[in-house]
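K.L.:
Have a look at this one.
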Amino acid sequence: SYGQKAGAVNVSAGAAKKAGYGSLFLKPETTKSAELGFKGRFDQGRIGFKADAFFAKVQNFQTQGYDSEDQQTYLLNAGSFRSRGAEASLQFHPDRHWSLQLAAVYNDETYLDYDDARCPPEVSLGSHPPASCNLTGHRVFNAPRFTGNIGARYEWRTADGSNVYIGGHYAWRSWMYGTVDDSSYTRVPGYGLLGLSVGLNRPIGKGSLDISLWANNALNKLYYTRLINSDYGAVIG
């Protein structure tokens with residue numbers, strides 16, 4: 001597949017002093033991608049399996065930058081990067097009560113050409129900082145390398161025809177950089193979340209009524225969903 005996001009004029013001129021006046025113009029972002037996989041059901045439909053490998057190349061990646069001098073955000077082209085990896089999922093119904101799910105993704109995202117990147121605060125706020133930094137070969141931000149999910153559900157039918165179910169799922173992701181400059185201060189640690197649910201599904205006329213109680217973070221895990229740069233090297237999460 002091929003996709004393109006339109007370019008634009010960057011109305012925030014604060015970064016032009018360092019990045020050059022060419023940074024006022026945002027180039028179109030283009031994406032070329034390919035995916036190959038298979039899916040099927042086995043053992044009379046009790047087992048469902050899907051797997052694929054994917055590859056994508058993004059050029060003139062459009063994202064948001066921050067200029068600490070005038071404290072403004074602006075749009076920029078963050079070079080080009082490659083995303084490649086594989087993913088798989090498995091669904092298993094050993095009997096009429098149990099339903100099990102497994103899923104995993106490996107995603108290797110790397111900057112292929114980003115030699116004029118904005119420097120992270122630990123460099124730009126140091127003595128005699130360079131005008132730009134070379135992030136070619138570094139990891140792309142907001143892209144955990146590993147993601148995994150596991151879930152289970154147990155369901156049974158009562159005498160009045162209702163279905164009662166109990167379920168749980170655990171979702172985990174590895175660490176990632178939170179900002180486009182790959183600052184060590186905006187590195188989001190990996191975390192996992194446990195979710196639990198219990199409910200009742202009861203037929204009513206031609207439809208049904210579903211009542212459930214759930215907790216999406218049952219272990220009360222404290223985690224960052226996002227970390228961003230702010231004034232003078234400060235980080236907001």
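K.L.:
Considering the range 91-112 alone, what residues qualify as being surrounded by 16 or more Cβ atoms within 10 Å (Cβ to Cβ) and among the acidic types (Asp, Glu)?
P.N.:
109
K.L.:
All but one of (1) out of contact with any strand residue (DSSP E or B) (no Cβ under 8 Å at 6 or more places or on another chain); (2) in a strand (DSSP E or B) hold for residue 192; state the number of the condition that does not hold.
P.N.:
(1)
For every residue, the table says whether it meets (1) in contact with a Lys or Arg (Cβ under 6 Å, 6 or more places away or on another chain); (2) of a type in the set (S, T, N, Q); (3) in a loop (DSSP other than H, G, I, E, B).
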{"residue": "85", "(1), (2), (3)": "no, no, no"}
{"residue": "89", "(1), (2), (3)": "yes, yes, no"}
{"residue": "94", "(1), (2), (3)": "no, no, yes"}
{"residue": "105", "(1), (2), (3)": "no, no, no"}
{"residue": "110", "(1), (2), (3)": "yes, yes, no"}
{"residue": "123", "(1), (2), (3)": "no, no, no"}
{"residue": "126", "(1), (2), (3)": "no, no, yes"}
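Conditions tested, residue by residue: (1) in contact with a Pro (Cβ under 9 Å, 6 or more places away or on another chain); (2) free of Cβ contacts under 8 Å to residues at least 24 places away in the same chain; (3) among the hydroxyl-bearing types (Ser, Thr, Tyr); (4) open to solvent by less than 20 Å² (accessible area, probe 1.4 Å).
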site	(1), (2), (3), (4)
133	yes, no, no, no
136	no, no, yes, no
142	no, no, no, no
147	no, no, yes, no
170	no, no, yes, no
190	yes, no, no, no
196	no, no, no, no
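Residue by residue, here is whether (1) hydroxyl-bearing (Ser, Thr, Tyr); (2) open to solvent by 100 Å² or more (accessible area, probe 1.4 Å); (3) at pLDDT below 95 holds:
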{"site": "193", "(1), (2), (3)": "no, no, no"}
{"site": "205", "(1), (2), (3)": "no, no, yes"}
{"site": "208", "(1), (2), (3)": "yes, no, yes"}
{"site": "213", "(1), (2), (3)": "no, yes, no"}
{"site": "224", "(1), (2), (3)": "yes, yes, yes"}
{"site": "231", "(1), (2), (3)": "no, no, yes"}
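K.L.:
Okay, moving on. Report yes if residue 179 is modelled with pLDDT of 95 or more and either assigned to a strand (DSSP E or B) or surrounded by 13 or more Cβ atoms within 10 Å (Cβ to Cβ) (or both), otherwise no. I'd like the intermediate steps shown before the answer.
P.N.:
Details: modelled with pLDDT of 95 or more: no; either assigned to a strand (DSSP E or B) or surrounded by 13 or more Cβ atoms within 10 Å (Cβ to Cβ) (or both): yes.
The answer is no for residue 179.
K.L.:
Sticking with this one: Residue by residue through the range 166-180, note down the ones that are over 30 Å from residue 235 (Cα atoms) and in contact with a Ser or Thr (Cβ under 8 Å, 6 or more places away or on another chain). Even if it seems obvious, please write down each step before you answer.
P.N.:
Of all residues in the range 166-180, those over 30 Å from residue 235 (Cα atoms) come to 166-169.
Correct list: 166, 167, 168.
K.L.:
Something else about it: For residue 234, are the conditions met, namely being within 30 Å of residue 117 (Cβ to Cβ) and over 20 Å from the mean Cα position of the chain (by Cα)? Even if it seems obvious, please write down each step before you answer.
P.N.:
Values: within 30 Å of residue 117 (Cβ to Cβ): yes; over 20 Å from the mean Cα position of the chain (by Cα): yes.
Criteria met by residue 234.
Quick grid of which residues meet (1) under 28 Å from residue 80 (Cβ atoms); (2) among the hydrophobic types (A, V, I, L, M, F, W, C):
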{"site": "122", "(1), (2)": "yes, no"}
{"site": "132", "(1), (2)": "yes, no"}
{"site": "184", "(1), (2)": "yes, no"}
{"site": "191", "(1), (2)": "no, no"}
{"site": "194", "(1), (2)": "no, yes"}
{"site": "198", "(1), (2)": "no, yes"}
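K.L.:
Shifting gears a bit: Just to be sure, is residue 22 at pLDDT 90 or above and over 14 Å from residue 84 (Cα atoms)?
P.N.:
Working: at pLDDT 90 or above: no; over 14 Å from residue 84 (Cα atoms): yes.
Here the answer is no, as residue 22 does not meet what is asked.
The values are calculated or read from the model by the stated rules, or taken from the named source; none is laboratory data. A quick note: this is a predicted structure, and the numbers were derived from the prediction, not measured. So basically every Cβ, Gly included, is an ideal-geometry build from the backbone, and we count neighbours across all protein chains shown. Protein only, heavy atoms only, side chains kept; ligands, DNA and RNA dropped before computing areas. Shrake-Rupley method; radii C 1.70, N 1.55, O 1.52, S 1.80 Å.
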